[in-house]
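What follows draws every value from the coordinates through simple rules; no lab data is involved. All figures in this text were calculated on a predicted structure; none of them were measured in a lab. In this analysis, Cβ positions are derived from the backbone assuming ideal geometry, glycine residues included, and neighbour counts consider all displayed protein chains.
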Amino acid sequence: MRVHLEVDTIAEAALAAGGSEAGGPEDHGFMYSRSFFDLDGHGRQVMWMDPSSTSDSSSTG
């Protein structure tokens, strides 16, 4: 899936730059994420969520 590739590309770039993986990929079907620690030890998460999976039908503009 293309969105998984985009999330993985960002996470892999962070790891290649010296970050460390905080856990494996999480795939919930409607949401996909990867977590890592940056060089300063701060936790980061890159994620994608299918906007059609939300139950909120309001429009924000």
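Here Cα Rg over 2.2 N^0.38 Å was computed from the coordinates, and among [x] 1.31; [y] 1.63; [z] 1.81 the match is [x]. Can you tally the net charge around S20? Count Lys and Arg as +1, Asp and Glu as -1, for every other residue whose Cβ sits under 14 Å from the Cβ of S20. Charge balance near S20 sits at -2. Of the peptides 2-14, 39-51, the ranking by mean beta-carbon count within 10 Å, highest at the top, reads 2-14, 39-51. Neighbours of F36, meaning other residues whose beta-carbon lies under 10 angstrom from its beta-carbon, give a summed charge of -1 when Lys and Arg score +1 and Asp and Glu score -1.
Compared with the dominant Cα axis of the chain, that is its longest principal axis, helix 2-16 is turned about 20°. Please give the FRET efficiency for D40 paired with R2, using the beta carbon to beta carbon distance and R0 = 25 Å, rounded to the nearest 0.05. After rounding, the FRET efficiency stands at 0.25.
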